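The values are calculated or read from the model by the stated rules, or taken from the named source; none is laboratory data. The model shown is predicted, which means the values in this text are computed figures rather than measured ones. Positions of Cβ are backbone-derived with ideal geometry, glycine not excepted, and every protein chain shown enters the neighbour counts.
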Amino acid sequence: MSIEGLGISLLILVLGLLAVAQPFFRRAKTPKTSDVLQRKERETLLNDYERVLATMRDLDEDYQLGKLPPEAYSTLREHWAAQGTTLLEALEKLNGVKPGARAGKKAQKAQTVPADAADEALDAAIEQAIANYVKAKNNASD
């Protein structure tokens, strides 16, 4: 083997070893401990808040099915609502938002029609559509 061939082989070997060893010499970017703790706390608060929402849905369902008396329902509902409010305030504080700052914007965007009136209007529209369908079906079969 010639001297040039030996030099080129040695150069390729050194470059290959450097390419393979390069990841070992780099410092891995480790997140700050405070960022990790803040992320974990946020995840914990979100999980707790979702658990409270699920509990409140179950509570509402149990009440609608008649499994809970009204007194127990109102007491439990107030307890879980307060728990959810506390968790939301903690989440907003963690995210750097003043507690209650978003509520004002949502209240301005809220519809002025009460939920019961909107439900009644929707029910009436559905009943009317069913009646029209039945009437059209009866006229078509005659």
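Applying the selection to segment 91-142, what residues are in contact with a Lys or Arg (Cβ under 8 Å, 6 or more places away or on another chain) and at pLDDT below 80? Give the steps one after another, and end with the answer.
Filtering segment 91-142 for residues in contact with a Lys or Arg (Cβ under 8 Å, 6 or more places away or on another chain) gives 91-92, 94-95, 99.
Result: PRO99, single match.
Out of all the residues in segment 38-65, which are without any contact (Cβ under 8 Å) to a residue 24 or more places away in the chain and closer than 30 Å to LYS93 by Cα?
Residues of segment 38-65 that are without any contact (Cβ under 8 Å) to a residue 24 or more places away in the chain, as a first pass: 39-40, 43-44, 47, 50-51, 54, 57-65.
Within segment 38-65, ARG39, LYS40, GLU43, THR44, ASN47, GLU50, ARG51, ALA54, ARG57, ASP58, LEU59, ASP60 meet the criteria.
Against the condition surrounded by 14 or more Cβ atoms within 10 Å (Cβ to Cβ) and within 28 Å of LYS93 (Cβ to Cβ), how does LEU68 come out, does it pass? Give the steps one after another, and end with the answer.
Working: surrounded by 14 or more Cβ atoms within 10 Å (Cβ to Cβ): yes; within 28 Å of LYS93 (Cβ to Cβ): no.
Criteria not met by LEU68.
Being in contact (Cβ under 8 Å) with a residue 40 or more places away in the chain and within 15 Å of the chain's Cα centre (by Cα) is the requirement here; does LEU88 meet it? Working first, answer last.
On the way: in contact (Cβ under 8 Å) with a residue 40 or more places away in the chain: no; within 15 Å of the chain's Cα centre (by Cα): yes.
When the stated conditions are applied, LEU88 does not pass them.
Do you know which residues across segment 15-52 are β-branched (Val, Ile, Thr), at pLDDT 90 or above and more than 24 Å from LEU87 (Cβ to Cβ)?
We begin by selecting, within segment 15-52, every residue β-branched (Val, Ile, Thr); these are 20, 30, 33, 36, 44, 52.
Subset that is at pLDDT 90 or above: 20, 44, 52.
VAL20 - this is the single residue of segment 15-52 that is β-branched (Val, Ile, Thr), at pLDDT 90 or above and more than 24 Å from LEU87 (Cβ to Cβ).
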